[in-house]
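**Q** Would you mind keeping the following structure in view while I ask a few things?
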Amino acid sequence: MRNLAIISTVAMLIAGQASALTLADCTRTTHISHGGQADHVDLGEGRVMWRDWWSQEGTATAFVLAECATGQTLSLLAAEENMGRRNAFDRTDDALAVLERHQSGARVFATFERIAADLNNIARDVEIATLATENCACGAAYPELRGEKTEFMLAG
């Protein structure tokens, strides 16, 4: 009987590991054929980042940083073309340079407020928000930091 319990527990652990969410799972199309998320990165210390993309009639590239424990996000539009009345622009390299500069320093100084201030003259639609739902990258890299947030589940 004891052996059966041990085998059952081991089988459940193996099944759980096989179905664990990974950052690679987070690369997906979120809007049928013309929008999605890609390039998910674990930035360490409970912070993740990814790229949102859109490509239907016009194109857009945005980046999102997230603090997994708090649910706080920093989003920014780095490039867009043909997305309405605004002029086209592409400041992806400049925006990524700002993000890299902040990421390479001490995390205590890389607050979303400071990063947003540095991005305000580079990117568009820079916004800080706090979400009550876990995002895919946090679910993959830091599930232990979910806290009271609604768990992310891949649709599918």
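**Q** Looking only at residues that are surrounded by 17 or more Cβ atoms within 10 Å (Cβ to Cβ) and among the aliphatic types (A, V, I, L, M) in segment 21-40, which one is farthest from the chain's Cα centre (by Cα)?
**A** LEU21
**Q** Still on this structure, I have one more. Picking from ILE128, ILE122, which residue would you name as being touching a Lys or Arg at 6+ places or on another chain (Cβ under 9 Å) and hydrophobic (A, V, I, L, M, F, W, C)?
**A** Details: ILE128 fails: touching a Lys or Arg at 6+ places or on another chain (Cβ under 9 Å).
None of the other options fit; the residue is ILE122.
**Q** Could you please find all residues in segment 41-71 being free of Cβ contacts under 8 Å to residues at least 40 places away in the same chain, part of a loop (DSSP other than H, G, I, E, B) and either crowded, with 16+ Cβ neighbours inside 10 Å or touching a Leu at 6+ places or on another chain (Cβ under 9 Å) (or both)?
**A** Those that are free of Cβ contacts under 8 Å to residues at least 40 places away in the same chain, part of a loop (DSSP other than H, G, I, E, B) and either crowded, with 16+ Cβ neighbours inside 10 Å or touching a Leu at 6+ places or on another chain (Cβ under 9 Å) (or both): none in segment 41-71.
**Q** Among LEU96, LEU154, LEU74, which is the only one that is aliphatic (A, V, I, L, M), in a loop (DSSP other than H, G, I, E, B) and within 20 Å of ALA38 (Cα to Cα)? Can you show your working first?
**A** Values: LEU96 fails: in a loop (DSSP other than H, G, I, E, B); LEU74 fails: in a loop (DSSP other than H, G, I, E, B).
Being aliphatic (A, V, I, L, M), in a loop (DSSP other than H, G, I, E, B) and within 20 Å of ALA38 (Cα to Cα) holds for just one of LEU96, LEU154, LEU74, which is LEU154.
**Q** Which pairs turn up if I take residues in segment 79-94 that are in contact (Cβ under 8 Å) with a residue 40 or more places away in the chain and look for partners that are surrounded by 14 or more Cβ atoms within 10 Å (Cβ to Cβ) and not basic (Lys, Arg) with beta carbon separation below 6 Å, at least 6 apart in sequence or on another chain?
**A** Going by the 6 Å Cβ cut-off, the qualifying pairs are GLU80/ALA60.
**Q** Could you tell me which numbered condition VAL108 fails, if it satisfies all but one of (1) assigned to a loop (DSSP other than H, G, I, E, B); (2) modelled with pLDDT under 95; (3) aliphatic (A, V, I, L, M)?
**A** Answer for VAL108: the failing condition is (1).
**Q** Turning to a different aspect of this structure: Out of (1) in contact (Cβ under 8 Å) with a residue 40 or more places away in the chain; (2) within 15 Å of ALA123 (Cβ to Cβ), the odd one out for GLN103 is which?
**A** (2)
The values are calculated or read from the model by the stated rules, or taken from the named source; none is laboratory data. Please read all numbers here as calculations on a predicted model, not as lab measurements. Every residue, glycine as well, gets a Cβ built from its backbone with ideal geometry; the counts of neighbours run over all protein chains shown.
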